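Worksheet: the structure to be examined is printed underneath.
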There are 2 protein chains.
Amino acid sequence: MSAAATSKIAAFAAQTQWDDIPAHVRHEAKRSLLNYFATAIAGSGEAAVATSLAVLAPFAGAADCRIIGRAERVDMPLAAYLNAISANVFDYDDTHQETVIHPTAPIAPALFAHAERQRCTGASLLRAFVLGGEIECRIGNAVSPSHYARGWHITSTCGVFGAAAGIGVLLGLSQEQHAWSIGNAAAQASGLVETLGTMSKSISVGNAARNGILSALLAENNFSGPADPLAGERGFLSVFSDQPTVNRLTDGLGEDWEIAKNTYKPYPAAIVLHPVIEACIQLHREAGLRSEDVAEVELTGHPLLRQRADRAEAATGRLSQVSAQHAIAIALRRGKAGLMEFNDAAAAETLGDGIRPNVKFIDDAGRALETVRMLVRTQQGRSHDIEITAAKGGPLNPMTDAELEEKLAELAAYRGFNRDVGAIAEAVWSLDGAEDAGEIMALANMAG
Amino acid sequence: MSAAATSKIAAFAAQTQWDDIPAHVRHEAKRSLLNYFATAIAGSGEAAVATSLAVLAPFAGAADCRIIGRAERVDMPLAAYLNAISANVFDYDDTHQETVIHPTAPIAPALFAHAERQRCTGASLLRAFVLGGEIECRIGNAVSPSHYARGWHITSTCGVFGAAAGIGVLLGLSQEQHAWSIGNAAAQASGLVETLGTMSKSISVGNAARNGILSALLAENNFSGPADPLAGERGFLSVFSDQPTVNRLTDGLGEDWEIAKNTYKPYPAAIVLHPVIEACIQLHREAGLRSEDVAEVELTGHPLLRQRADRAEAATGRLSQVSAQHAIAIALRRGKAGLMEFNDAAAAETLGDGIRPNVKFIDDAGRALETVRMLVRTQQGRSHDIEITAAKGGPLNPMTDAELEEKLAELAAYRGFNRDVGAIAEAVWSLDGAEDAGEIMALANMAG
């Protein structure tokens, strides 16, 4: 079993055809890409992108590829690097919930950069995305949960495999070359949770996309690697996990699609906060509750809600994204929770709110992550008791296609994007019929 | 203590002056660089270098920098990447014995590439090399021994910090920027022991040099990172070591110089084989012993000798470098043990030797690595009993400066290098007085 793990994954990448991919998986891939363009446009003005571009541009070759949400062009690996950073910088991108991988940020930028440089059809790109994403999430499953818990930034460490496999599919690598590409990716897997909330995080996400491309290109040129870089004695799984489960790599491969379990965030905050935000928006809209009326809030939720998000003092935009206290305060002030509600100004605005010190957490390990019970007592002596059983965006209540289009429009507006986002959505929904997948990039960069 | 670890290392990098570096440390740095040019010239014709150059050249910018042992020029990060691969590809480069880090391959290529692009003095470059190497080895000490044992390729994982710190010194980063540079490096630390003996290994070594440069350049542009990327809760040490020893980072910093403990190999084989090879060469030279006369060999050595090098079937050049059976057979055939003795042809030549199945190992945990007792019984019924107490190249019997010059000449001849290696040696020995450190690169590339 173990000796064959990389071979099986490589065979899956080399052999799976477009017709082997079920319709619901194909559609989920399009949804992932639509969400990708939304978050990449939103992030493209951030300093992590602008500084990376300024520092790295002198070391780039032919400017074949576009940068989403910007006017510059750069070479293929750098375009992939920058677009991956944009897509992930707000942590507003997609989530494979079992692993907390953001699957698309490392893969899609690599594939579209390749498509711009070497033309491929939309169906080819979608197939490459699905196979790359599937391999990425399965590797994530096999190293979880100890991998992330120990401190690996799983989007980066597993993302490089997804990009390598996806580009390998577009290049038409043989099974043996796919195995080498996986080995080349294993040699480059990196990224630390410790960097979250800082610019350094963006480096490993960008590298996952860039280095995935190079892993596959090197393998195409017979740059060879170890026999079983995933499950070998000192392969990726044993080094990057305290308790790897090798069978998760291949159990149900080609039948049970991990990448089809992808989810999308309606709010740019930690997943654990989504039911809380939803409860607040409902109370704001339906009961007229306002932040200044609140005396006390009691949250009953999965223990991770408290562990991740009990941050009464969060004073920056970054930290406000993981602060239940801020999320409640701002959602009850404004009745919404977009990027403008989780920036430095918004965090400063709620910092003195009476709500902040008056949020209590009650752990209930029996609850799912997408649920919460919120009890609010007001200054006027009233109580509101609200239960969210399936927060929007979670597996039980996915964002609809229309909601994803709205997210795209909202994030484009946030960025001041000067192009027609409807055309991007249309191109994504019809991507499987496109002769030239790279054409979307001409809709998604900023007009000069 | 822990919260301050990165700060202390960053302060050391930002504040240590040339005058603070003792003469013996400066001289050891020159020895490291001479050995670097030797191994980089030797490796520069390998497929790992040529294929990397072919695949990556389309994605390079201004061709400011030379490639050692080759005629092409490429941009700064790619030159660093390729020269690091050349220096390390044969594992014939230097060794910090406590960690088994090859300290120079990730650092020197970065510094010389910088020197070619942005001119700096030889003393500046030497200072950057010493401080980068010191930080690299100290981080290695702090994660050892579990780090390498678990499967991390320590030259790559720690090398990126050395290159980042060294380039940071040349850029004159502030203490805060050095800390960010270390964070940027932590986000990129990668490399697996599983890839040893394959081309994939070279990717992580090249990346260490390239990504170290980018870590420092990003930090110079205020691309910020976590407060304590080394010793933070989920920082590099806790994630990359099962038993980190944080105090090894800073104990005796600036007084006890790890980089001055660097050693150089007289033979392109595993360190554990060096006393064995030396015993064979002595018997060949002094007792006239030849491989065809040998009936049986008994080796009494440190247990690692058996664990690493008991490989009677080694059939490739790569594997022959870690095969005691091949090393004995070839050294007793030819009376020498250079690169030509550890290639595919040499391995094939000894594969049928009667010696191969007749080597016995006796473990003696009380022995140092650089010792061996070798007992040889011949077909003619004679016995040879030889004790090597301090193999050449180990800490007790370092290669002399003259021997390093001979190594340079020998490896240049192996590569068919068409330039005067005496000029390289002279430039290295007088580097501390050089106005332009990059000038050595004009002596070390291949004439067109």
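B:ASP64 passes every criterion in (1) in contact with a His (Cβ under 9 Å, 6 or more places away or on another chain); (2) within 14 Å of chain A (Cβ to nearest Cβ) apart from (1). Evaluation of A:ALA337 against the conditions (1) more than 20 Å from A:ARG415 (Cα to Cα); (2) modelled with pLDDT of 95 or more shows that the sole unmet condition is (1).
Yes or no: the stretch B:161-179 includes at least one residue that is among the aliphatic types (A, V, I, L, M), assigned to a helix (DSSP H, G or I), within 30 Å of A:ALA47 (Cβ to Cβ) and within 11 Å of chain A (Cβ to nearest Cβ). Can you show your working first?
Looking only at the stretch B:161-179, we keep the residues that are among the aliphatic types (A, V, I, L, M), and these are B:163-165, B:167, B:169-171, B:173, B:179.
Filter once more, keeping what is assigned to a helix (DSSP H, G or I): B:163-165, B:167, B:169-171, B:179.
Still in the list and also within 30 Å of A:ALA47 (Cβ to Cβ): B:163-165, B:167, B:169-171, B:179.
Keeping just the survivors that are within 11 Å of chain A (Cβ to nearest Cβ) gives B:179.
Checking the stretch B:161-179: at least one residue is among the aliphatic types (A, V, I, L, M), assigned to a helix (DSSP H, G or I), within 30 Å of A:ALA47 (Cβ to Cβ) and within 11 Å of chain A (Cβ to nearest Cβ).
Residues in the stretch A:348-364 include at least one that is surrounded by fewer than 17 Cβ atoms within 10 Å (Cβ to Cβ), at pLDDT 95 or above and closer than 25 Å to A:GLY416 by Cβ.
Checking each residue in the stretch B:156-186 for being among the aliphatic types (A, V, I, L, M) and either under 18 Å from the mean Cα position of the chain (by Cα) or over 17 Å from B:ALA113 (Cβ atoms) (or both) picks out B:VAL160, B:ALA163, B:ALA164, B:ALA165, B:LEU173, B:ALA179, B:ILE182, B:ALA186. Could you give every pair whose Cβ atoms fall below 8 Å, whose first residue belongs to the stretch A:295-308 and is more than 26 Å from A:GLY381 (Cα to Cα) and in contact (Cβ under 8 Å) with a residue 60 or more places away in the chain, and whose second residue is assigned to a helix (DSSP H, G or I) and not charged (D, E, K, R), counting only separations of at least 6 or pairs across chains? As it stands, the answer is A:HIS302/A:VAL272; A:LEU304/A:VAL272; A:LEU305/A:VAL272; A:LEU305/A:LEU273; A:LEU305/A:VAL276; A:LEU305/A:ALA324, since those pairs meet every condition given. Just give me the residues in the stretch B:67-89 being of a type outside the set (A, V, I, L, M, F, W, C), outside any strand (DSSP E or B), more than 12 Å from chain A (Cβ to nearest Cβ) and on the phi < 0 side of the Ramachandran plot, in sequence order. Hits for the stretch B:67-89 are B:ARG70, B:GLU72, B:ASN83, B:SER86, B:ASN88. Considering only residues in the stretch B:300-317 that are in a helix (DSSP H, G or I) and of a type in the set (Gly, Ala, Ser), the one that is farthest from B:VAL272 (Cα to Cα) turns out to be B:GLY317.
Taking the conditions exactly as written (buried (at least 24 other Cβ atoms within 10 Å of the Cβ) and more than 8 Å from chain B (Cβ to nearest Cβ)), does A:ALA185 satisfy them or not? Give the derivation first.
Working: buried (at least 24 other Cβ atoms within 10 Å of the Cβ): yes; more than 8 Å from chain B (Cβ to nearest Cβ): yes.
Yes, satisfied.
Among the residues of the stretch A:32-43, none qualifies, meaning not one is at pLDDT 95 or above, touching a Gly at 6+ places or on another chain (Cβ under 7 Å) and outside any helix (DSSP H, G or I). On the basis of being more than 8 Å from every other protein chain (Cβ to nearest Cβ), of a type outside the set (Lys, Arg), within 17 Å of the chain's Cα centre (by Cα) and surrounded by 24 or more Cβ atoms within 10 Å (Cβ to Cβ), does A:SER202 make the cut? In short, yes. Of the residues making up the stretch A:262-300, those that are of a type outside the set (A, V, I, L, M, F, W, C) and within 24 Å of the chain's Cα centre (by Cα) number 10.
I'm trying to understand the selection: among the residues of the stretch A:106-121, which are farther than 14 Å from A:GLY172 by Cα and surrounded by fewer than 23 Cβ atoms within 10 Å (Cβ to Cβ)? First the steps, then the outcome.
The first filter runs over the stretch A:106-121 and keeps only residues farther than 14 Å from A:GLY172 by Cα, leaving A:106-110, A:112-113, A:116-117.
Passing the criteria: A:GLU116, A:ARG117.
The residues in the stretch A:216-244 that are within 8 Å of chain B (Cβ to nearest Cβ), crowded, with 24+ Cβ neighbours inside 10 Å and in a helix (DSSP H, G or I) can be counted, and the count is 3.
Could you list, in sequence order, the residues of the stretch A:391-411 that are over 21 Å from A:GLU341 (Cβ atoms), in contact (Cβ under 8 Å) with a residue 24 or more places away in the chain and of a type in the set (A, V, I, L, M, F, W, C)? Don't jump to the end; show me each part of the working.
Here is the first cut: in the stretch A:391-411, the ones over 21 Å from A:GLU341 (Cβ atoms) are A:395-396, A:398, A:400-402.
Filter once more, keeping what is in contact (Cβ under 8 Å) with a residue 24 or more places away in the chain: A:395-396, A:398, A:401.
Selection gives A:LEU396 alone.
Output yes when any residue across the stretch B:181-201 is closer than 27 Å to A:PHE236 by Cα, modelled with pLDDT of 95 or more, assigned to a loop (DSSP other than H, G, I, E, B) and among the polar types (S, T, N, Q), and no when none is. Within the stretch B:181-201, one or more residues are closer than 27 Å to A:PHE236 by Cα, modelled with pLDDT of 95 or more, assigned to a loop (DSSP other than H, G, I, E, B) and among the polar types (S, T, N, Q).
The values are calculated or read from the model by the stated rules, or taken from the named source; none is laboratory data. Note that the structure is predicted; figures quoted are calculated from it, not measured. Here Cβ is always computed from backbone atoms with ideal geometry, including for glycine, and neighbour counts include all displayed protein chains.
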